[in-house]
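The values are calculated or read from the model by the stated rules, or taken from the named source; none is laboratory data. What you see is a predicted model; the values in this text were computed from it and never measured. We place every Cβ from the backbone using ideal geometry, glycine too, and count neighbours over all the protein chains shown.
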Amino acid sequence: MKKYLMCLAAAAFAIAACGEKEPQKTDIPEISVNPAEISVESAGGTATLQITSNTKWAISTTDAWISFEPASGEGNASVTVTAAENTAYKEREGKLSINSTAKRLTVNVKQAATEKPAATKLTEIKTAEEFFSFIGAMDQYEAGETVKLTADITISEPANELNCIFDGQGHTITLNYEIADALTADAAELANIGVFRKITATVKNLKTAGSIKAQQDGLDATFHIGGIAGYVSETATIENCTNGIAITATNFNTHHLGGIAGYTEAGASITGCKNTAAVTAAYEGSSKASQLGGIIGHIEGAGTVTSCINEGAITYTGGGTARMGGICGYVNNVTQVLFKDCTNSGEISTTATGYTEKSWAYVGGISGYYGTPTRGAHATYEGCVNNGAVTCDAAGTKLRARVAGINCHAGNSNDKANGDGTGIYTWELKSCTNNGAISLKNCVAATRSQLGGIQAYGEPSGQVVITGCTSNGKLYSENPNTDGKYNAIGCLLGGNAALNSTFTDNTVTANATITSTLPASESGPHCGLICGTNNPYTTAVTGKVGSVNIVKGDAITTTSADNFASLLFGQPLGAGATISGVTFGN
């Protein structure tokens, strides 16, 4: 009986328990923060945030100069926010994000600018403060006066215009500068970026280190960015300087980017300089053109570049037009330009991420593109050497491309040759050597892809003179699913030039293999040991060619003493033209 009663009691308890409901949670996640904005002095310091919450939270920021403790928690808390010193002469702003299950909050952090030092005329500089004091007193200097750097310094923003001689004496200026603010029309000078925004005198014996990042949009501007100077006037020179500032542009504006100088006016000269840093433009969706060079982005009219070396990678990724070279990206309105004893050892490469009807790629080991040359203009390359790989990846687009070991493109398609077919301006390349691999990849454009060991393309209005040059780099063109029309490869010149063009005393070594993935057909590809296509030449062609392999699709032709004469040009010569003076021998 007792056992029976115990069982009844247990059952009743179980029934009662099953009838009870789970208690309802009444707490709704909530969070607030005070204050919503923090202001800190330029010297740095701390501030306190009060978080009121009944849930978990975590704090994050993308601004490296802001730190905080604790970084996460649950419930109410006091958070200490610390700002590092602001050494720049402008205010900066950052943000803290406070994330929780309730909502996301933002706290603005503002920090005052460092006060600019009083302008003082100096003859020697050993600190960043003295450097900007000297820049502030620039109106007190004569053009011929010299100011010397006596110690390595670090600056946080570019200096304004330099109007006197600045001698770095082998010391280094480190600049880490990022511009993300939209420019306005009344601050166009900010588009010049470098250790110096603009120079009108001489900078010599200076080394640089750090980085420049251009990420701003807004004004439809052209940016001139260089490690030493953004903008170089016609009276200025840069001598014996070495740049180690990595330059990156990621916005949709037009850029002139150079390891040493972004833009040079007609008459400026750069000599004995070296770039060791990367120069990069990377932006998708833009149809604009950008000019990139290891030494200079853009030369306007006339200039002299001698004994300069580029070791940095020059890279363009985007959908617009790339004009780029190991030494110079672009020359416009040329009258007289000289590149002498310059060497590129950096990789020069562009990759298409999109295509418009205006998209082109002009990629050269020494220089890229010439625009609107002046009648009678003369561009000279003497003793220049390319050792770097020069590559264009069309990425399966219809991008039209020209790629070369020394100079990519010469002339202006809007001009016509003289009535007798002779050129109205001249590109002269003498004693130059290409050792780099020249490649065009994934190009599905049906027309207009030219590769040259020395020069890729010359407009019919331009005389091309190639003398004493050596083509020693492999040439490769990958053109899937096209008919080969206007696809040309030449160990000296890819295609085209005026009637009076000459090729004398040149050497094509056995290493200069020509490879096209297109099989041979009447429309192309046109491959020649001297020139690929469009050959009206009746002028001198002399030199020596080695046992070069010419590959078209699966067919391989090896140059020999018996067949080399027929392989000099990729198309038949003009009426009455004969070629003699070329010999065979490795």
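Within region 428-443, can one find any residue that is modelled with pLDDT of 90 or more, in contact with a Gly (Cβ under 7 Å, 6 or more places away or on another chain), surrounded by fewer than 21 Cβ atoms within 10 Å (Cβ to Cβ) and not polar (S, T, N, Q)? Yes, because at least one residue in region 428-443 is modelled with pLDDT of 90 or more, in contact with a Gly (Cβ under 7 Å, 6 or more places away or on another chain), surrounded by fewer than 21 Cβ atoms within 10 Å (Cβ to Cβ) and not polar (S, T, N, Q).
For region 408-452, a residue qualifies if it is touching an Asp or Glu at 6+ places or on another chain (Cβ under 9 Å) and charged (D, E, K, R), and the qualifying residues are ASP415, GLU428, LYS430, LYS441. Counting only strands (runs of 3 or more DSSP E) that fall entirely inside region 136-181 and contain at least 3 residues that are assigned by TED's automatic domain parsing to the domain that holds ASN86 and touching a strand residue (DSSP E or B) at 6+ places or on another chain (Cβ under 7 Å), no element qualifies.
The set of residues from region 546-572 being touching a residue at least 40 places away in the same chain (Cβ under 8 Å), of a type in the set (Gly, Ala, Ser) and closer than 19 Å to THR470 by Cβ comprises just one member, GLY546. Criterion first (in the same structural domain as ALA510 (by TED's automatic domain parsing) and over 26 Å from the mean Cα position of the chain (by Cα)) does GLN463 satisfy it? The answer is yes for GLN463.
Among the residues of region 48-77, the ones that are within 27 Å of ALA180 (Cβ to Cβ) and out of contact with any strand residue (DSSP E or B) (no Cβ under 7 Å at 6 or more places or on another chain) come to 2 in all.
Here are some residues: LYS121, LYS103, LYS116, LYS90. Which one is in contact with a Phe, Trp or Tyr (Cβ under 9 Å, 6 or more places away or on another chain), modelled with pLDDT under 90 and basic (Lys, Arg)?
LYS116 is the lone residue from the list that is in contact with a Phe, Trp or Tyr (Cβ under 9 Å, 6 or more places away or on another chain), modelled with pLDDT under 90 and basic (Lys, Arg).
For region 308-318, does any single residue satisfy the condition of being in the same structural domain as GLY436 (by TED's automatic domain parsing), under 20 Å from THR237 (Cβ atoms) and surrounded by 24 or more Cβ atoms within 10 Å (Cβ to Cβ)? Yes, region 308-318 has at least one match. Scanning region 102-123 for residues that are farther than 24 Å from TRP65 by Cβ, exposed (fewer than 14 other Cβ atoms within 10 Å of the Cβ) and of a type in the set (D, E, K, R) yields a count of 1. Among the residues making up region 320-349, those that are part of a loop (DSSP other than H, G, I, E, B) and either surrounded by fewer than 24 Cβ atoms within 10 Å (Cβ to Cβ) or touching a helix residue (DSSP H, G or I) at 6+ places or on another chain (Cβ under 6 Å) (or both) are ASP341, SER345, GLU347.
Based on what the data block shows, is PRO70 free of Cβ contacts under 8 Å to residues at least 24 places away in the same chain and surrounded by 15 or more Cβ atoms within 10 Å (Cβ to Cβ)? Considered against the rule, which asks whether it is free of Cβ contacts under 8 Å to residues at least 24 places away in the same chain and surrounded by 15 or more Cβ atoms within 10 Å (Cβ to Cβ), PRO70 comes out as no. Take the conditions under 20 Å from VAL403 (Cα atoms) and in a strand (DSSP E or B) and apply them to THR317. Does it pass? Yes; evaluated as a whole, the condition is true for this residue. Scan region 75-118 for residues that are farther than 22 Å from THR48 by Cβ and within 33 Å of the chain's Cα centre (by Cα) and the total you get is 7.
Across region 455-475, the qualifying residues are those that are of a type in the set (A, V, I, L, M, F, W, C) and in a strand (DSSP E or B), and the one among them that is surrounded by the most Cβ atoms within 10 Å (Cβ to Cβ) is ALA456.
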